[in-house]
Amino acid sequence: MTDTERKLWKHIRCKQIQGLQFYRQKIIGNYIVDFYCHRARLVVEVDGGQHYLDEALIEDQKRDENLRRMGLRILRVSNLDVLKNVKGVVERIFDLVSEVE
C-alpha cells in the first residue's frame, strides 16, 4: 500500500463504517482493487498522478466498465483528496454504502 492508501485504510478498516468489512488489495476477476466492500458492492480506488495521463485514463475507464459489468460500483479519489480531506472521502464512502443498507 502507498502512504495515501494507508491513511484511508486507518479510517475504513475494522468495520468502522456502518459495521461493513472492507478489504484491501482485493483480487476481483483480473484486477486488484485498492479497497472493496462486498456487502455494498463498492470498489474504492485511490489514484496517484499517473492515473491522470491519457493512456492511464483510458485503461482505468475500461477497468471501471468491466467492474461495473460485474455489478460493482466504483469510487475513484485522488491521493490529494485523501491527503487534504480524508474526512470528506470517508463521508463519501459512508454515503455510498448507506445507499445499499
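The values are calculated or read from the model by the stated rules, or taken from the named source; none is laboratory data. As the structure is a prediction and not an experimental result, all values here were calculated from the model. All Cβ positions, glycine included, derive from the backbone under ideal geometry; neighbour counts span all protein chains shown.
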Quick count over region 1-55, residues being among the hydroxyl-bearing types (S, T, Y) and under 18 Å from N85 (Cα atoms), is 2
Testing K62 on (1) out of contact with any helix residue (DSSP H, G or I) (no Cβ under 7 Å at 6 or more places or on another chain); (2) surrounded by 12 or more Cβ atoms within 10 Å (Cβ to Cβ), one condition comes back false. Which one is that? (2)
Evaluate region 8-21: report whether one residue or more is at pLDDT below 95, assigned to a loop (DSSP other than H, G, I, E, B) and under 13 Å from the mean Cα position of the chain (by Cα). no
Residue check, R76 against (1) assigned to a strand (DSSP E or B); (2) crowded, with 17+ Cβ neighbours inside 10 Å; (3) out of contact with any Cys (no Cβ under 9 Å at 6 or more places or on another chain), all met but one. Which one? (2)
In region 40-60, what residues are of a type outside the set (A, V, I, L, M) and modelled with pLDDT under 95? D47, G48, G49, Q50, H51, Y52, D54, E55, E59, D60
Scan region 5-28 and tell me whether some residue there is in contact with a helix residue (DSSP H, G or I) (Cβ under 8 Å, 6 or more places away or on another chain) and loosely packed, with under 12 Cβ neighbours inside 10 Å. no
